[in-house]
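Working notes, structure below.
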Amino acid sequence: MAATTLTISPPNRDEQSPWVTGMAIVWAIALAKFLFHLYFNNRYGYFRDEFDYMSCGDHLSWGYVDQPPLIPFLIHISRAVLGDSLRAIRFIPALASSLLVVQAALIARELGGKRFALLLTALTISIASQYLSNGSLLGTNCLEPTLWMACAYFVVLAIKRNDPRYWLWVGVSAGIGLEEKYSIAFFILGIVIGLLLTEHRRVFLNKWIWLGGLAAFLIFLPNLLWNIHYHWPFLELMHNIRAEGRDVVLSAGQFFLQQTLLVNPLTAPIWIAGLIAFFVWLPLKSYRVLGWSYLVCYSIFFVLHGKSYYLAPIYPMLLAAGAVAIESSLSGAHGLVRLRRAWLKPVIVMALLIVGPYLSPIVAPVFSPDKFLAYAKTLPFKLPVMEHSHARAALPQWYADQFGWSEIVAETAVAWSQLSPAERGDCGIFAQDYGQAGAISLVGIMACRDH
């Protein structure tokens, strides 16, 4: 009688329990981040730029002078469903910033990460200063990292699974990203250059990457036609900003230093390790196209004197790669060496859990203004100044621009009440910027409606 051998294969990772793979705790961290934003997002007032997005949302179009149409469209829908409260208009930013935690962890998993790598990735994204800020304010920055990382995720899948059909989804993600903020074009350029500089250049012989490019073009086409029709107003705006010298120009050292502050200084070694791993660590060398994309974007934004946070959307993939490399380094040893390294995992996690909350008030309105000013004096560094006009402000720009709107509305109402009915017929209200105009228009209307 012939013997029968029963072979039991280990379960596929996709079929394993989320508790085994670590994705359950990732989702828990993302949920905690979402609830954090919902709780604190109404502590101050409307941010200056939020008036612009809401006003544009009241006048839907395929483009605007300072932005593509996606954010105005989404806030138009959000306000129709949720209303005009601070928590309502910041619901989309809170959701997008929290989902970024899951996105980055999924990238780490596809790069070969296990539970610790996924946990480390989720924690670094959760405490990153820029992503906390993105979840606290409505703006084009809030969706930008999720769209960049959608592109990165499909790049990883296309390479890992050797399936060129994923390049179509890279194109779809890029097209949607161009309708949200034009800067994703530099990321796509970096990916293209990275492909050309690696063995993956052969993908350009495949129809799917060209179909992806066509998809991106067709999705972006309505805004492109709008820009052509109105003679490229966004480019004129950028030219005028440069001509006025409004933005602070950073030296090479300052630009790099602010990159480390963007995602929390404690996580800088992790994303730097991820960048290096893309080029020199054998398990990730297949994905070094992503490393090239970072170098290309970094160079472009520095040469063009872009603000330091323009590069923020790219860091989740570097943090994911760094987490995978660190996990492998701590887990790859054997015997006594492995035991000696085991203590590093809880130490890294505890350090992130301590430093993250300590720095979070910089970008999330945890404190009152007075308490924040006292807290800022305890920081070992000065907060960055993005525009010369805010150099002397007590609060940083992202907080200072959330105050004063009710006072402007009240002063305007006093001046308006002093006009006779005849004078009001052809009277207009002149504002210095869209913040003042938006406050008078939107906050004033809300106040009248509430009374």
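The values are calculated or read from the model by the stated rules, or taken from the named source; none is laboratory data. All values derive from a computational prediction rather than experimental measurement. Glycine gets a Cβ as well: all are built from the backbone with ideal geometry, and neighbour counts include every protein chain shown. Remember, those area values only see protein heavy atoms, side chains included, never the ligands or the DNA or RNA. Shrake-Rupley method; radii C 1.70, N 1.55, O 1.52, S 1.80 Å.
Mind checking which residues of the range 29-51 are in contact (Cβ under 8 Å) with a residue 40 or more places away in the chain, open to solvent by 20 Å² or more (accessible area, probe 1.4 Å) and not hydrophobic (A, V, I, L, M, F, W, C)?
42, 43, 44, 46, 48, 49
Those residues that are under 12 Å from residue 130 (Cβ atoms), of a type outside the set (Val, Ile, Thr) and either part of a helix (DSSP H, G or I) or open to solvent by 10 Å² or more (accessible area, probe 1.4 Å) (or both), I need them from the range 260-270; list them, please.
Answer for the range 260-270, where residues must be under 12 Å from residue 130 (Cβ atoms), of a type outside the set (Val, Ile, Thr) and either part of a helix (DSSP H, G or I) or open to solvent by 10 Å² or more (accessible area, probe 1.4 Å) (or both): 261, 262.
Would you point out the residue of the range 281-327, among those that are free of Cβ contacts under 8 Å to residues at least 40 places away in the same chain and over 21 Å from residue 177 (Cα atoms), that is least open to solvent (accessible area, probe 1.4 Å)?
That would be 285.
Per-residue answers, yes or no, for (1) in contact with a Phe, Trp or Tyr (Cβ under 6 Å, 6 or more places away or on another chain); (2) of a type in the set (S, T, N, Q):
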site	(1), (2)
257	no, no
261	no, no
269	no, no
307	no, no
311	yes, no
331	no, yes
350	no, no
358	no, no
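Within the range 100-136, restricting attention to residues that are open to solvent by 10 Å² or more (accessible area, probe 1.4 Å) and outside any helix (DSSP H, G or I), which residue is nearest to residue 278 (Cα to Cα)?
111
In the range 80-99, how many residues are in contact (Cβ under 8 Å) with a residue 12 or more places away in the chain and either buried (at least 17 other Cβ atoms within 10 Å of the Cβ) or under 22 Å from the mean Cα position of the chain (by Cα) (or both)?
So the answer is 13.
Starting from residues that are assigned to a helix (DSSP H, G or I) and either more than 21 Å from the chain's Cα centre (by Cα) or in contact (Cβ under 8 Å) with a residue 40 or more places away in the chain (or both), keep the ones in the range 58-73 and report whichever is surrounded by the fewest Cβ atoms within 10 Å (Cβ to Cβ).
Looking at the filtered set, the residue picked out is 70.
Filter the range 387-413 down to residues that are in a loop (DSSP other than H, G, I, E, B), at pLDDT 85 or above and more than 22 Å from the chain's Cα centre (by Cα), then give me how many there are.
So the count comes out to 3.
Could you count how many residues in the range 140-168 are assigned to a loop (DSSP other than H, G, I, E, B) and in contact (Cβ under 8 Å) with a residue 12 or more places away in the chain?
Residues meeting the conditions: 6.
Can you spot a residue in the range 418-434 that is open to solvent by 40 Å² or more (accessible area, probe 1.4 Å), in contact (Cβ under 8 Å) with a residue 24 or more places away in the chain and in a loop (DSSP other than H, G, I, E, B)?
Yes, the conditions are met somewhere in the range 418-434.
So which residues in the range 215-242 are of a type in the set (Phe, Trp, Tyr) and over 24 Å from the mean Cα position of the chain (by Cα), if there are any at all?
Of everything in the range 215-242, those that are of a type in the set (Phe, Trp, Tyr) and over 24 Å from the mean Cα position of the chain (by Cα) turn out to be 226, 230, 232.
Within the bounds of the range 167-176, is there any residue that is in contact with a Pro (Cβ under 7 Å, 6 or more places away or on another chain) and not charged (D, E, K, R)? Step through it out loud before you land on a result.
As a first pass, look at the range 167-176 and keep what is in contact with a Pro (Cβ under 7 Å, 6 or more places away or on another chain): none.
No, because not a single residue in the range 167-176 is in contact with a Pro (Cβ under 7 Å, 6 or more places away or on another chain) and not charged (D, E, K, R).
Could you please find all residues in the range 169-204 being free of Cβ contacts under 8 Å to residues at least 40 places away in the same chain and either closer than 19 Å to residue 287 by Cα or among the charged types (D, E, K, R) (or both)?
173, 188, 192, 196, 199, 201, 202, 204
When the range 219-235 is examined, which residues are found to be without any contact (Cβ under 8 Å) to a residue 24 or more places away in the chain and within 26 Å of residue 433 (Cβ to Cβ)?
Passing the criteria: 229, 231, 232, 235.
Could you list all residues from the range 145-177 that are within 16 Å of residue 215 (Cα to Cα) and open to solvent by 30 Å² or more (accessible area, probe 1.4 Å)?
Residues satisfying the conditions are 154, 164, 165, 166, 168, 169, 172, 176.
Confirm whether residue 19 is open to solvent by 40 Å² or more (accessible area, probe 1.4 Å) and at pLDDT 95 or above.
When the stated conditions are applied, residue 19 does not pass them.
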